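Please read the structure below before turning to the comments.
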Amino acid sequence: MSAGAGPRFEVRVVDEVLAEDLVRCTPAARAAIEPMVARLRDEGALSEWLLRCEEEGRDGTLLKGCVKLYIPR
């Protein structure tokens, strides 16, 4: 992760959800995700990395006010 300037935001990871997602990932994806999640927990995320979610997900989940970050960014 590059140092970057600007505010950082706390990242909260729900371990149960992460574990469910990691089960479906390839070993290469897990190798990219796990260290990035650890760094995000420690350092937070720069605002420029965050993308606003649509107000409603494809499954009808209400996402207004939520953001996402793609790994690898």
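I'm trying to understand the selection: among the residues of segment 22-56, which are among the polar types (S, T, N, Q) and over 23 Å from GLU10 (Cβ atoms)? Outline the logic, then answer.
Within segment 22-56, the first condition is being among the polar types (S, T, N, Q), and the residues that meet it are 26, 47.
Selection gives THR26 alone.
Given the criteria assigned to a loop (DSSP other than H, G, I, E, B) and either over 16 Å from the mean Cα position of the chain (by Cα) or surrounded by 14 or more Cβ atoms within 10 Å (Cβ to Cβ) (or both), does VAL11 qualify?
Details: assigned to a loop (DSSP other than H, G, I, E, B): yes; either over 16 Å from the mean Cα position of the chain (by Cα) or surrounded by 14 or more Cβ atoms within 10 Å (Cβ to Cβ) (or both): yes.
For VAL11, the condition - assigned to a loop (DSSP other than H, G, I, E, B) and either over 16 Å from the mean Cα position of the chain (by Cα) or surrounded by 14 or more Cβ atoms within 10 Å (Cβ to Cβ) (or both) - is met.
Enumerate the pairs (first residue in segment 50-65 and in a strand (DSSP E or B); second residue anywhere and of a type in the set (Phe, Trp, Tyr)) with beta-carbon separation below 9 Å, excluding pairs fewer than 6 apart on the same chain, so at least 6 apart or on different chains.
Final answer for the pair search is LEU51/TYR70.
Please find, within segment 39-73, the residue that is surrounded by the most Cβ atoms within 10 Å (Cβ to Cβ) out of those that are of a type in the set (Val, Ile, Thr) and out of contact with any helix residue (DSSP H, G or I) (no Cβ under 8 Å at 6 or more places or on another chain).
Of the residues in segment 39-73, the ones of a type in the set (Val, Ile, Thr) are 61, 67, 71.
Now restrict to residues that are out of contact with any helix residue (DSSP H, G or I) (no Cβ under 8 Å at 6 or more places or on another chain): 61, 67.
Details: THR61: 10, VAL67: 13.
If we take residues in segment 39-73 being of a type in the set (Val, Ile, Thr) and out of contact with any helix residue (DSSP H, G or I) (no Cβ under 8 Å at 6 or more places or on another chain), then VAL67 is surrounded by the most Cβ atoms within 10 Å (Cβ to Cβ).
Just checking, does segment 56-69 include any residue being touching a Ser or Thr at 6+ places or on another chain (Cβ under 8 Å), at pLDDT below 90 and not hydrophobic (A, V, I, L, M, F, W, C)? So that I can check it myself, show each step before the final result.
Let us first name the residues in segment 56-69 that are touching a Ser or Thr at 6+ places or on another chain (Cβ under 8 Å), namely none.
Looking through segment 56-69, none of the residues is touching a Ser or Thr at 6+ places or on another chain (Cβ under 8 Å), at pLDDT below 90 and not hydrophobic (A, V, I, L, M, F, W, C).
Taking ARG30, is it touching a helix residue (DSSP H, G or I) at 6+ places or on another chain (Cβ under 6 Å) and not in a loop (DSSP other than H, G, I, E, B)?
Numbers: touching a helix residue (DSSP H, G or I) at 6+ places or on another chain (Cβ under 6 Å): yes; not in a loop (DSSP other than H, G, I, E, B): yes.
Answer is yes for this residue.
Give segment 14-38 a look and list any residue that's loosely packed, with under 13 Cβ neighbours inside 10 Å and basic (Lys, Arg), or say none.
The answer is ARG24, and nothing else.
The values are calculated or read from the model by the stated rules, or taken from the named source; none is laboratory data. Just so it is clear, the model here is predicted, and its values are computed rather than measured. Don't worry about glycine lacking a Cβ; one is built from the backbone with ideal geometry, like all the others, and counts go over all protein chains shown.
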